[in-house]
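Undergrad: Dropping the structure in here first, questions after.
The values are calculated or read from the model by the stated rules, or taken from the named source; none is laboratory data. Only a predicted model underlies this, so the values are computations on that prediction, with no experimental measurement involved. Neighbour counts are summed over all protein chains in view; Cβ atoms, including those assigned to glycine, are modelled from backbone coordinates with ideal geometry.
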Amino acid sequence: MKRHLLSAADLTRDEAELVLSTAEEMRSLADRPIKKLPALRGRTIVNLFFEDSTRTRISFEAAGKRLSADVINFAAKGSSLSKGESLKDTALTLEAMGADAVVVRHGASGAPHRLASSNWIRSSVVNAGDGTHEHPTQALLDAFTMWRHLGSLDGRRVAIVGDVLHSRVARSNALLLHTLGAQVTLVSPPTLLPVGVETWPVETSYDLDAVIPKADVVMMLRVQQERMHAAFFPTAREYSRRYGLDGRRMASLQDHTIVMHPGPMVRGMEITADVADSDRSVIVEQVTNGVAVRMAVLYLLLGGSQPAETEQPAETDTEGADA
Amino acid sequence: MSAPTYLITNARILGGEPTDLLLRDGAIAEVGAGLDVGDAEVVDAAGLVALPGLVDLHTHLREPGREDAETVESGTRAAALGGFTAVHAMANTDPVADTAGVVEQVWRLGREAGYCDVYPVGAVTVGLAGERLAELGAMADSAARVRVFSDDGKCVSDALLMRRALEYVKAFDGVIAQHAQEPRLTENAQMNEGELSGKLGLTGWPAVAEEAIIARDVLLAAHVGSRLHVCHVSTAGSVDIVRQAKANGWDVTAEACPHHLLLTDELAATYDPIYKVNPPLRSRRDAEALRAGLADGTIDIVATDHAPHPLEDKDCEWAAAAFGMLGLETALSIVQETMVDPGLLDWAGVADRLSYAPARIGRVADHGQPLEVGSPANVVLYDPSARRVVEAGELASLSRNTPYAGMELPGRVVATFLRGRATVLDGKLV
């Protein structure tokens, strides 16, 4: 695998499938009494979170610890956007501490790309979500979840529904699922589809009811109510009526079709509670799979390379308001 | 201040046959082959093109307020090295150049620096806030004799205010230089809106946000019979609108920036904010339309939009970075690369787009004159056969935010003369 994971587009089909098969091995670990491998002993992984994200941070933390790495959580109080410490200075600090991998979540699109290409640090960079750009490990765990339920993704139809414009999950999934042979349809009101989406390797639709009866997977995206204030849609109620997944729409799905959501959900907005809690829903399983997939990514990125040369810090630093 | 007498030998005026120019007492005293040397200092210009001193209608000198990025002194040094003998200093300083006091201060700093003439641009509205007119008349009547007014960096988006500004400056033959950017369509905009902005997850800056304002403004200018200048035109659609306005006989002029002629939005895929500029780098098709517009005269001038920023404002994530790039020391090379070498413009055309026309729009009497006897001795000698690799650290600007670092560009400014005094000789500041 390459040194960094910045975009789902970085992965060839072989590499993506290697992550999935490695994740399957990692997942079997969860059934053992001791859920720990010595693979990354002595290696340091920093979770650098400029945005609060409890679930992603905990998922990476669990993944690193199960591989016996030293995991440092660094919750930056704000990016340079909010006049805090700059991305560069934070990176230089991490470099001085000798991180082998930096898992970065940042509100600015491209921030992980900057970290990886700026010569500020030498460590591997894993994008844990950047602005409205990408979230490649989310796409990998989504693909892994689909793969466990449906087998090969070749020719499978995946509907990704909601605020595609602002969704890093949608971008990464569109790229990765295409790589894995699935047929992706983005379903969204026209205002929430990105300009230029016709050049993506996907189909698009404005009509949810027309798409979901043929889908093998329906992935609902979080939609923030505040979007209506920027005129993306008139009201939350109208959005739910046209693009929400409720019991009536769920009844039109094929028997094997699964329902996914990257979380956090807005129940009653893009998905109703009865759908989220139904047998079709694999939303909780996505979280379990997230740890296995992130273990696989960290293992494959770090497994073959040498540890950082600088001295390791003695104890875990939990500076800042870690959410 | 008595400058030495210079005899420039074998210069090709506007690329023509080699001839000599004698610069004496601030003026061009003689032109012709085999002039007598007398007591003049000889500048051998064999193989060099002689152009009238360049005039930039769009420069950010940052003083007062951001002397960490640029000063009038450093900015005019950069200008001289780029072949400029006059620059128009934009008003978005701190304090804003919206009073006679501030424009006179900038004007005076320029005179003291002495590397090129500085013509302050006055703000259209108080504090660039777009709410009420600044004292345009006071700035026009001041020692700085302001004729160009602009809220550059911000758009005068209020249609009524724009109309009044256009009307008001007729009293002193002023011009409103509009930064055309519809604010609601460009909230938090980061790069050209298109295929790439969607992929990169960077908020788009759509062409229509520029074109809608230009379309409105040319109609307003026609309606009130005033002069409009459109800053940094960046889209093919904007070129079409300006072309139509000119065909209608309306008094509209427009500028293009070197970076929009050469660079395209694909560079944003690096997420390196050295390529972040406002208006943003556009598509290849837009760049080609700008070149065609500049060639046929739809675009009247090249202006640099030289926008220095300290390192920390660029050495960060894209969204946090400042908009803007350096331009003074590379402008002529990029015009050669994009216009002259491909055969779109000859050296006479370059003299028009970078000297005569900007001086005319800015109502600058002492610049933009043809290289003939009696004209002020504002001359640049340029070697179009040279090649150079741009090194950010070697620029005279206090800032380093050039998008051309490491790029090989044609041409080199060998000498610049301001009213007969050399500001640059052998490619170095005097």
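Undergrad: Taking A:Ala128, is it under 27 Å from A:Val195 (Cα atoms) and within 14 Å of another protein chain (Cβ to nearest Cβ)? It would help to see each step written out before you state the result.
TA: Numbers: under 27 Å from A:Val195 (Cα atoms): yes; within 14 Å of another protein chain (Cβ to nearest Cβ): no.
Against the criterion (under 27 Å from A:Val195 (Cα atoms) and within 14 Å of another protein chain (Cβ to nearest Cβ)), A:Ala128 does not qualify.
One line per residue, one yes/no per condition, for (1) outside the structural domain of A:Thr54 (by TED's automatic domain parsing); (2) more than 21 Å from the chain's Cα centre (by Cα); (3) not small (Gly, Ala, Ser):
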position: A:Asp89; (1), (2), (3): no, yes, yes
position: A:Thr93; (1), (2), (3): no, yes, yes
position: A:Ala96; (1), (2), (3): no, yes, no
position: A:His113; (1), (2), (3): no, no, yes
position: A:Asn119; (1), (2), (3): no, yes, yes
position: A:Arg122; (1), (2), (3): no, yes, yes
position: A:Val126; (1), (2), (3): no, no, yes
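Undergrad: Only one of B:Arg360, B:Arg419, B:Arg353 is within 27 Å of B:Leu23 (Cβ to Cβ), under 17 Å from the mean Cα position of the chain (by Cα) and crowded, with 19+ Cβ neighbours inside 10 Å. Can you tell me which?
TA: Numbers: B:Arg360 fails: crowded, with 19+ Cβ neighbours inside 10 Å; B:Arg419 fails: under 17 Å from the mean Cα position of the chain (by Cα).
Exactly one of B:Arg360, B:Arg419, B:Arg353 is within 27 Å of B:Leu23 (Cβ to Cβ), under 17 Å from the mean Cα position of the chain (by Cα) and crowded, with 19+ Cβ neighbours inside 10 Å, namely B:Arg353.
Undergrad: Which residues, counting only those in the range B:184-218, are touching a Phe, Trp or Tyr at 6+ places or on another chain (Cβ under 6 Å) and of a type in the set (Ser, Thr, Tyr)?
TA: Once the filter is applied, which keeps residues that are touching a Phe, Trp or Tyr at 6+ places or on another chain (Cβ under 6 Å) and of a type in the set (Ser, Thr, Tyr), the range B:184-218 yields only B:Thr186.
Undergrad: So which residues in the range A:93-110 are aliphatic (A, V, I, L, M) and either closer than 20 Å to A:Asn173 by Cβ or away from every other protein chain (no Cβ under 11 Å) (or both), if there are any at all? Can you show your working first?
TA: So in the range A:93-110, the residues aliphatic (A, V, I, L, M) come out as A:94, A:96-97, A:99, A:101-104, A:108.
If the condition is that a residue be aliphatic (A, V, I, L, M) and either closer than 20 Å to A:Asn173 by Cβ or away from every other protein chain (no Cβ under 11 Å) (or both), then A:Leu94, A:Ala96, A:Met97, A:Ala99, A:Ala101, A:Val102, A:Val103, A:Val104 are the ones that fit.
Undergrad: Next question. Which members of the range A:111-123 meet the condition of being over 18 Å from A:Asn73 (Cβ atoms), in contact (Cβ under 8 Å) with a residue 12 or more places away in the chain and more than 10 Å from chain B (Cβ to nearest Cβ)?
TA: Step one: list which residues in the range A:111-123 are over 18 Å from A:Asn73 (Cβ atoms), which gives A:113-114, A:116-120, A:122.
Next, only the ones that are in contact (Cβ under 8 Å) with a residue 12 or more places away in the chain stay: A:113-114, A:116, A:118, A:120, A:122.
Across the range A:111-123, the qualifying residue is only A:Arg122.
Undergrad: Ok, one more. When only residues in the range B:152-185 that are of a type outside the set (A, V, I, L, M) and within 12 Å of B:His229 (Cα to Cα) count, which is farthest from the chain's Cα centre (by Cα)?
TA: That would be B:Gly174.
Undergrad: For the range A:260-296, what are the residues that are in contact with a Leu (Cβ under 7 Å, 6 or more places away or on another chain), hydrophobic (A, V, I, L, M, F, W, C) and not in a helix (DSSP H, G or I)?
TA: The one that is in contact with a Leu (Cβ under 7 Å, 6 or more places away or on another chain), hydrophobic (A, V, I, L, M, F, W, C) and not in a helix (DSSP H, G or I): A:Ile271.
Undergrad: Applying the selection to the range B:320-342, what residues are aliphatic (A, V, I, L, M), over 19 Å from B:Glu391 (Cα atoms) and at pLDDT 95 or above?
TA: From the range B:320-342, those aliphatic (A, V, I, L, M) are B:320-322, B:325-326, B:328, B:331-332, B:334-335, B:339-340; that's our starting set.
Remaining after also requiring over 19 Å from B:Glu391 (Cα atoms): B:320-322, B:339-340.
Result: B:Ala321, B:Ala322, B:Met339, B:Val340.
Undergrad: Quick one: count up the residues across the range B:104-130 that are among the hydroxyl-bearing types (Ser, Thr, Tyr) and without any contact (Cβ under 8 Å) to a residue 60 or more places away in the chain. Spell out how you get there, then give the answer.
TA: Taking the range B:104-130 first, the residues among the hydroxyl-bearing types (Ser, Thr, Tyr) are B:115, B:119, B:125.
Going one step further and asking which of them are without any contact (Cβ under 8 Å) to a residue 60 or more places away in the chain, we end up with B:125.
Going through the range B:104-130 one residue at a time, the tally reaches 1.
Undergrad: Restricting to the range B:40-77, name every residue that is in a loop (DSSP other than H, G, I, E, B), more than 15 Å from the chain's Cα centre (by Cα), closer than 26 Å to B:Ala348 by Cβ and touching a residue at least 60 places away in the same chain (Cβ under 8 Å).
TA: Within the range B:40-77, B:Ala45, B:Gly47, B:Leu48 qualify.
Undergrad: For the range B:92-124, which residues satisfy the criterion of being touching a strand residue (DSSP E or B) at 6+ places or on another chain (Cβ under 6 Å) and over 24 Å from B:Ala3 (Cβ atoms)? Please lay out each step first, then the result.
TA: Within the range B:92-124, the first condition is being touching a strand residue (DSSP E or B) at 6+ places or on another chain (Cβ under 6 Å), and the residues that meet it are B:97, B:103, B:106-107, B:110, B:115-122, B:124.
The answer is B:Ala97, B:Val103, B:Val106, B:Pro120, B:Val121, B:Gly122, B:Val124.
Undergrad: Now, a different point. Any residue in the range B:263-282 that's farther than 17 Å from B:Tyr404 by Cβ: show its pairings with residues that are β-branched (Val, Ile, Thr) and surrounded by 20 or more Cβ atoms within 10 Å (Cβ to Cβ) at Cβ separation under 6 Å, as long as the two are six or more apart or on different chains.
TA: Going by the 6 Å Cβ cut-off, the qualifying pairs are B:Arg282/B:Thr235.
Undergrad: Still on this structure, I have one more. Identify all residues within the range B:271-315 that are within 22 Å of B:Gly362 (Cα to Cα), in a loop (DSSP other than H, G, I, E, B) and among the hydrophobic types (A, V, I, L, M, F, W, C); write none if there are none.
TA: Correct list: B:Ile299, B:Ala303, B:Ala307.
Undergrad: When the residues of the range B:195-224 are narrowed to those that are surrounded by 21 or more Cβ atoms within 10 Å (Cβ to Cβ) and not in a helix (DSSP H, G or I), which ends up farthest from the other protein chains (Cβ to nearest Cβ)?
TA: B:Trp205
Undergrad: For the range B:104-139, which positions are surrounded by fewer than 20 Cβ atoms within 10 Å (Cβ to Cβ) and either under 20 Å from B:Arg66 (Cα atoms) or under 19 Å from the mean Cα position of the chain (by Cα) (or both)?
TA: Initially, the range B:104-139 is screened for residues surrounded by fewer than 20 Cβ atoms within 10 Å (Cβ to Cβ), giving B:104-105, B:108, B:111-112, B:114, B:126-127, B:129-133, B:135, B:137-138.
Of everything in the range B:104-139, those that are surrounded by fewer than 20 Cβ atoms within 10 Å (Cβ to Cβ) and either under 20 Å from B:Arg66 (Cα atoms) or under 19 Å from the mean Cα position of the chain (by Cα) (or both) turn out to be B:Glu104, B:Gln105, B:Arg108, B:Arg111, B:Glu112, B:Gly114, B:Val126, B:Gly127, B:Ala129.
Undergrad: I'm checking my understanding of the structure. Among residues of the range B:363-378 that are exposed (fewer than 14 other Cβ atoms within 10 Å of the Cβ) and among the aliphatic types (A, V, I, L, M), which one is modelled with the lowest pLDDT? Outline the logic, then answer.
TA: Within the range B:363-378, the subset exposed (fewer than 14 other Cβ atoms within 10 Å of the Cβ) is B:365, B:372-374.
Subsequent filtering for residues that are among the aliphatic types (A, V, I, L, M) retains B:365, B:373.
Numbers: B:Ala365: 91, B:Val373: 98.
Checking each candidate, the answer is B:Ala365.
Undergrad: Quick test for you: out of B:Leu166, B:Leu185, pick the one residue that is touching a strand residue (DSSP E or B) at 6+ places or on another chain (Cβ under 9 Å), in contact (Cβ under 8 Å) with a residue 12 or more places away in the chain and within 14 Å of chain A (Cβ to nearest Cβ). I'd like the intermediate steps shown before the answer.
TA: On the way: B:Leu166 fails: within 14 Å of chain A (Cβ to nearest Cβ).
Selected residue: B:Leu185, the only one of B:Leu166, B:Leu185 that is touching a strand residue (DSSP E or B) at 6+ places or on another chain (Cβ under 9 Å), in contact (Cβ under 8 Å) with a residue 12 or more places away in the chain and within 14 Å of chain A (Cβ to nearest Cβ).
Undergrad: B:Ile176: surrounded by 24 or more Cβ atoms within 10 Å (Cβ to Cβ), in contact with a Leu (Cβ under 9 Å, 6 or more places away or on another chain) and among the hydrophobic types (A, V, I, L, M, F, W, C), yes or no? If you could, list the steps in order and put the result at the bottom.
TA: Numbers: surrounded by 24 or more Cβ atoms within 10 Å (Cβ to Cβ): yes; in contact with a Leu (Cβ under 9 Å, 6 or more places away or on another chain): yes; among the hydrophobic types (A, V, I, L, M, F, W, C): yes.
Taking the combined requirement at face value, the residue satisfies it.
Undergrad: Next question. Suppose the filter is among the small types (Gly, Ala, Ser) and assigned by TED's automatic domain parsing to the domain that holds B:His229; does B:Ser385 pass it? Let's see the steps before the verdict.
TA: On the way: among the small types (Gly, Ala, Ser): yes; assigned by TED's automatic domain parsing to the domain that holds B:His229: no.
Against the criterion (among the small types (Gly, Ala, Ser) and assigned by TED's automatic domain parsing to the domain that holds B:His229), B:Ser385 does not qualify.
Undergrad: Follow-up question, since we're still on this one. Can you run down the residue pairs with Cβ atoms below 6 Å, 6 or more apart or on separate chains, where the first is in the range B:84-103 and surrounded by fewer than 23 Cβ atoms within 10 Å (Cβ to Cβ) and the partner is outside any helix (DSSP H, G or I) and basic (Lys, Arg)?
TA: Between residues of the range B:84-103 that are surrounded by fewer than 23 Cβ atoms within 10 Å (Cβ to Cβ) and residues that are outside any helix (DSSP H, G or I) and basic (Lys, Arg), there is no close pair.
Undergrad: Please go through the range B:7-39 and pick out each residue that is surrounded by fewer than 22 Cβ atoms within 10 Å (Cβ to Cβ), over 27 Å from the mean Cα position of the chain (by Cα), under 30 Å from B:Glu112 (Cβ atoms) and modelled with pLDDT of 95 or more.
TA: Answer for the range B:7-39, where residues must be surrounded by fewer than 22 Cβ atoms within 10 Å (Cβ to Cβ), over 27 Å from the mean Cα position of the chain (by Cα), under 30 Å from B:Glu112 (Cβ atoms) and modelled with pLDDT of 95 or more: B:Arg24, B:Asp25, B:Ala29.
Undergrad: Residues of the range A:106-136 being more than 16 Å from A:Ala8 (Cβ to Cβ) and assigned to a strand (DSSP E or B), which ones?
TA: Of the range A:106-136, the ones more than 16 Å from A:Ala8 (Cβ to Cβ) are A:106-108, A:111, A:114-115, A:117-124.
Residues satisfying the conditions are A:His106, A:Ser124.
Undergrad: With the range B:336-430 as the region, which strands (runs of 3 or more DSSP E) entirely inside it contain at least 3 residues that are under 29 Å from B:Thr253 (Cβ atoms)?
TA: Working: elements: B:379-389, B:408-418, B:421-425.
Here the list reads B:379-389, B:408-418.
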